[in-house]
Amino acid sequence: MITKRIIPCLDVKNGRVVKGVNFQGVADVSSPVELAKYYSDNGADELVFYDITASFEGRALFCDILKEVASTIYIPLTVGGGINTVADFDRVLKCGADKVSVNSGAIANPDLIEEAAKIYGNQCVVLSCDIKRVDGQFRLFAKGGRVDTGIDAIEWIRQGEARGAGEVVVNSIDTDGVKKGFDIEMLQAVSDVVTIPVIASGGAGCIGDFVDLFKTIPTMDAGLAASIFHFGEVKISDLKDKLADEGIPVRKIKGKN
Amino acid sequence: MIAIIDYGVGNIFSLCSSFDTIGAKAVLTADANVVRKADKIILPGVGAFADAAKKLADCGMWDVILSETAAGKPLLGICLGMQMLFEKSHEYGVHNGLGLIPGEVVPIAPVVPADYKIPHIGWNGLHFPKDKPKSPLFKDVDEGECVYFVHSYYGSGCDAAVIATTEYHAELTAAVSKGNVYGTQFHPEKSGDVGLRILKNFAQM
């Protein structure tokens with residue numbers, strides 16, 4: 001039986017992992033390579049790295065770090081941040097990424113999804129969406145959740161699948177950093193319109209939030225979180241033990257949990 | 001030395017570095033002489049079957065793989081590289097494979113309910129056929145241990161060659177072998193410690 005994936009997300013700036021709360025204010029947490037190895041050893045099913053540096057130097061440093069991570073751990077790596085062209089896909093795939101996450105780059109140029117899917121396969125293209133409720137609508141935001149695009153997020157995701165996205169990450173701005181649970185209503189609305197895997201993001205505060213997510217929406221494929229893992233509030237091994245107790249299929253590591 | 005066939009298909013960064021990690025010498029190559037000198041061959045692959053088959057033939061590696069495996073050299077095909085070992089694939093038309101494993105590559109969609117996601121992406125458990133001894137490829141790998149899959153097609157009609165399956169509503173082919181030829185539908189280089197054990201088993205054959 002396919003297992004539910006637990007995915008820590010690491011925002012990397014100037015070679016360090018940082019995490020914003022509601023996208024504002026960052027706290028230096030740890031070294032990307034050390035943190036990646038720790039997560040891999042303790043049962044993370046996949047890792048997401050977001051490059052939140054904008055400078056050329058920062059980007060080069062990010063690629064070096066990515067290579068080091070990909071030579072140290074052997075689980076799937078998704079990379080996002082600053083992906084605007086097929087050349088950007090090429091750059092991070094050559095450093096060991098398995099999947100590439102597009103967000104603002106796809107909003108600016110929706111053809112990017114199709115172009116990249118044709119070259120690298122659908123499985124390589126992850127459509128990442130920052131979504132917030134505006135006037136009773138699930139609205140798509142760009143630029144790290146700062147700019148309201150006016151686009152209906154559900155329709156955007158439906159089109160994204162048709163264009164060739166292989167997975168979708170749904171990040172609720174409304175619940176991000178609040179730690180009161182995933183945005184079940186938003187995630188259900190997305191799940192209803194796509195057949196590709198959906199990764200839930202934004203709002204996890206405790207182990208019970210993941211149990212609620214997978215119990216309430218059994219077709220949900222994965223749960224993504226950052227700070228609760230980075231600060232040790234939730235240990236992935238404890239989380240997986242609890243999910244298994246609740247009858248939710250998870251991957252266990254031999255000799256670890 | 002292990003020759004990893006370089007034919008411009010897929011991401012081989014992790015595959016190359018995983019052999020470094022387990023202490024086996026591996027080179028990425030499309031040079032027939034290097035492949036002939038190698039002890040073993042890895043055929044990686046991600047993407048569409050027809051395109052990959054054409055690239056493999058265009059770079060001359062198709063014939064080299066056939067002659068080297070006929071001479072008894074161990075070969076491991078991974079993901080699309082495993083599918084290429086089969087006689088035929090039905091991905092976007094019907095295309096010939098290397099014919100090293102009897103059977104055909106067919107879509108998953110018709111054998112799973114409509115609410116099952118395609119591609120089959122994620123970590124899923126390995127099941128070893130009860131009526132066969134466990135393959136040496138899976139030494140130190142336990143029944144039910146999870147490995148990482150990403151695929152929309154699977155090997156069918158290959159019962160005699162199946163050495164592991166995985167349950168996705170149906171039991172899908174997870175790994176095959178026939179003589180010195182092995183294939184895994186999953187990515188051992190992305191399957192954590194379990195995957196490294198499998199690559200080590202192959203390296204030590």
**Prompt:** strands (runs of 3 or more DSSP E) wholly in segment B:144-202 with at least 1 residues that are of a type outside the set (Lys, Arg) and either facing chain A (nearest Cβ under 8 Å) or surrounded by fewer than 20 Cβ atoms within 10 Å (Cβ to Cβ) (or both) - which ones?
**Reply:** B:146-151, B:153-156, B:162-168, B:170-178
**Prompt:** Of all strands (runs of 3 or more DSSP E) completely enclosed by segment B:82-129, which ones contain at least 2 residues that are among the β-branched types (Val, Ile, Thr) and modelled with pLDDT of 95 or more?
**Reply:** B:101-107
**Message:** Conditions first: (1) more than 24 Å from residue B:190 (Cβ to Cβ); (2) touching a His at 6+ places or on another chain (Cβ under 7 Å); (3) within 14 Å of chain A (Cβ to nearest Cβ). Residue B:104 passes all but one, so which condition is the exception?
**Reply:** (3)
**Asked** Looking at segment A:70-79, which of the residues that are within 11 Å of chain B (Cβ to nearest Cβ) and outside any helix (DSSP H, G or I) is nearest to residue A:18 (Cα to Cα)?
**Response** A:77
**Prompt:** What single numbered condition from (1) surrounded by fewer than 23 Cβ atoms within 10 Å (Cβ to Cβ); (2) within 14 Å of chain A (Cβ to nearest Cβ); (3) within 26 Å of residue A:125 (Cα to Cα) fails to hold for residue B:127?
**Reply:** (3)
**Message:** With farther than 22 Å from residue A:232 by Cα and either touching a residue at least 40 places away in the same chain (Cβ under 8 Å) or hydrophobic (A, V, I, L, M, F, W, C) (or both) as the only criterion, which of A:97, A:44 stands out?
**Reply:** A:97
**Complete:** Log entry, pairs with first residue in segment B:108-123 being at the interface with chain A (Cβ under 8 Å from one of its Cβ atoms), second being assigned to a loop (DSSP other than H, G, I, E, B) and of a type in the set (Ser, Thr, Tyr), beta carbons closer than 6 Å, six or more apart or on different chains, reads B:118/B:152; B:119/B:152; B:123/A:3
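For (1) touching a residue at least 40 places away in the same chain (Cβ under 8 Å); (2) surrounded by fewer than 20 Cβ atoms within 10 Å (Cβ to Cβ), each residue gets a yes or a no:
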residue: A:88; (1), (2): no, no
residue: A:101; (1), (2): yes, no
residue: A:110; (1), (2): yes, yes
residue: A:115; (1), (2): no, yes
residue: A:128; (1), (2): yes, no
residue: A:138; (1), (2): yes, no
residue: A:141; (1), (2): no, no
residue: A:151; (1), (2): yes, yes
**Prompt:** Quick check: anything in segment A:50-69 facing chain B (nearest Cβ under 10 Å) and either of a type in the set (Gly, Ala, Ser) or under 29 Å from residue B:153 (Cα atoms) (or both)?
**Reply:** no
**Complete:** residue B:132 vs (1) within 14 Å of chain A (Cβ to nearest Cβ); (2) assigned to a loop (DSSP other than H, G, I, E, B); (3) more than 24 Å from residue A:78 (Cα to Cα): all pass except (1)
**Complete:** Taking first residues from segment A:180-198 that are facing another protein chain (nearest Cβ under 10 Å) and second residues anywhere that are among the acidic types (Asp, Glu), the pairs with Cβ under 8 Å that are 6 or more apart or on different chains are A:194/A:161; A:195/A:161; A:196/A:161; A:196/A:167; A:197/A:167; A:197/A:221; A:198/A:167; A:198/A:221
**Asked** Across segment B:39-88, which residue is farthest from residue B:176 (Cα to Cα) among those that are among the acidic types (Asp, Glu) and exposed (fewer than 15 other Cβ atoms within 10 Å of the Cβ)?
**Response** B:58
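The values are calculated or read from the model by the stated rules, or taken from the named source; none is laboratory data. Not measured: the values here are computed from a predicted model. Note that we place each Cβ from the backbone using ideal geometry, even for glycine, and neighbour counts take in every protein chain shown.
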